[in-house]
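Shown next, in structure tokens, is the structure this report addresses.
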Amino acid sequence: KFQFLYPLDIPIKEKIKNLQKEEETLRKLIVEAQAKHYKCHNMGYFEFTSKIAKYKEEIADIKQKITKFRNERIKIVKSENLLSDLHNERNEIIKILENLQKEYFVNNKIPKDEYEDRLQSYNERLAEIEDDILTLQLKKK
């Protein structure tokens with residue numbers, strides 16, 4: 001299992017970004033394992049299933065940590081600043097999704113499995129952002 005320690009002086013926002021990078025790395029490792037197992041036949045079934053299970057478990061753990069950090073952040077950051085950050089992050093993810101779709105549909109640069117995994121991950125994050133924005137807007141009233 002990956003173990004990452006965060007010094008206390010790193011802002012919560014950076015911790016979240018680092019965790020998101022870890023999640024993206026794990027998703028790439030899943031795609032690599034799938035390619036080794038299904039296309040190259042370089043990995044046996046047992047090794048493949050255990051690696052995928054481990055990676056998915058670590059992704060679930062990362063998602064829990066991200067949620068915990070976001071909740072901490074909501075408590076300490078002014079809602080106006082947080083709303084602005086959330087809108088910026090939403091716009092970034094929309095741009096990433098546009099590039100992802102272009103890579104898959106126009107340029108055919110990524111496999112279907114990778115596209116679907118990344119699409120699901122980004123759509124989940126967009127839904128979380130929308131929920132956070134709505135919550136903050138309701139808090140303001």
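Of the conditions (1) of a type in the set (A, V, I, L, M, F, W, C); (2) surrounded by fewer than 12 Cβ atoms within 10 Å (Cβ to Cβ); (3) modelled with pLDDT of 90 or more, Leu8 fails just one. Which one is it?
(3)
When you check Lys15 against the structure, is it open to solvent by 70 Å² or more (accessible area, probe 1.4 Å) and either out of contact with any strand residue (DSSP E or B) (no Cβ under 9 Å at 6 or more places or on another chain) or modelled with pLDDT under 90 (or both), yes or no? Before the answer, list the steps.
Numbers: open to solvent by 70 Å² or more (accessible area, probe 1.4 Å): no; either out of contact with any strand residue (DSSP E or B) (no Cβ under 9 Å at 6 or more places or on another chain) or modelled with pLDDT under 90 (or both): yes.
No: the conditions fail for Lys15.
What residue, among those in segment 113-131 that are within 15 Å of Gln20 (Cβ to Cβ) and among the charged types (D, E, K, R), is surrounded by the fewest Cβ atoms within 10 Å (Cβ to Cβ)?
Of everything passing the filter in segment 113-131, Glu124 is surrounded by the fewest Cβ atoms within 10 Å (Cβ to Cβ).
Mind listing just one residue for me: the one in segment 18-33 that is over 30 Å from Val77 (Cα atoms) and open to solvent by 40 Å² or more (accessible area, probe 1.4 Å) and, of those, modelled with the highest pLDDT?
Here the answer is Leu29.
Considering only residues that are open to solvent by less than 80 Å² (accessible area, probe 1.4 Å), within 30 Å of Ala35 (Cβ to Cβ) and not aliphatic (A, V, I, L, M), which ones fall in segment 82-112?
Answer for segment 82-112, where residues must be open to solvent by less than 80 Å² (accessible area, probe 1.4 Å), within 30 Å of Ala35 (Cβ to Cβ) and not aliphatic (A, V, I, L, M): Gln101, Glu103, Tyr104, Asn107, Pro111.
Suppose the filter is over 21 Å from Asp131 (Cβ atoms) and either in contact with a Phe, Trp or Tyr (Cβ under 7 Å, 6 or more places away or on another chain) or at pLDDT below 95 (or both); does Phe69 pass it? Working first, answer last.
Values: over 21 Å from Asp131 (Cβ atoms): no; either in contact with a Phe, Trp or Tyr (Cβ under 7 Å, 6 or more places away or on another chain) or at pLDDT below 95 (or both): yes.
In short, no.
Which residue pairs have Cβ atoms closer than 7 Å, lie 6 or more positions apart in sequence or on different chains, and pair a first residue in segment 44-73 that is over 30 Å from Leu136 (Cα atoms) with a second residue that is of a type outside the set (Val, Ile, Thr) and assigned to a helix (DSSP H, G or I)?
Phe48/Ala33; Phe48/His37; Lys51/Ala33; Ile52/Ala33; Tyr55/Leu26; Tyr55/Leu29
Being closer than 18 Å to Glu23 by Cβ, under 15 Å from the mean Cα position of the chain (by Cα) and of a type in the set (A, V, I, L, M, F, W, C) is the filter here; which residues of segment 89-112 pass it?
Ile93, Ile96, Leu97, Leu100
The values are calculated or read from the model by the stated rules, or taken from the named source; none is laboratory data. Quick caveat, the model's predicted, so the values are computed rather than measured. For neighbour counting, all protein chains shown are included, and Cβ atoms are generated from backbone atoms with ideal geometry for every residue, glycine included. Only protein heavy atoms, including side chains, enter the accessible area calculation; ligands, DNA and RNA are left aside. Shrake-Rupley method; radii C 1.70, N 1.55, O 1.52, S 1.80 Å.
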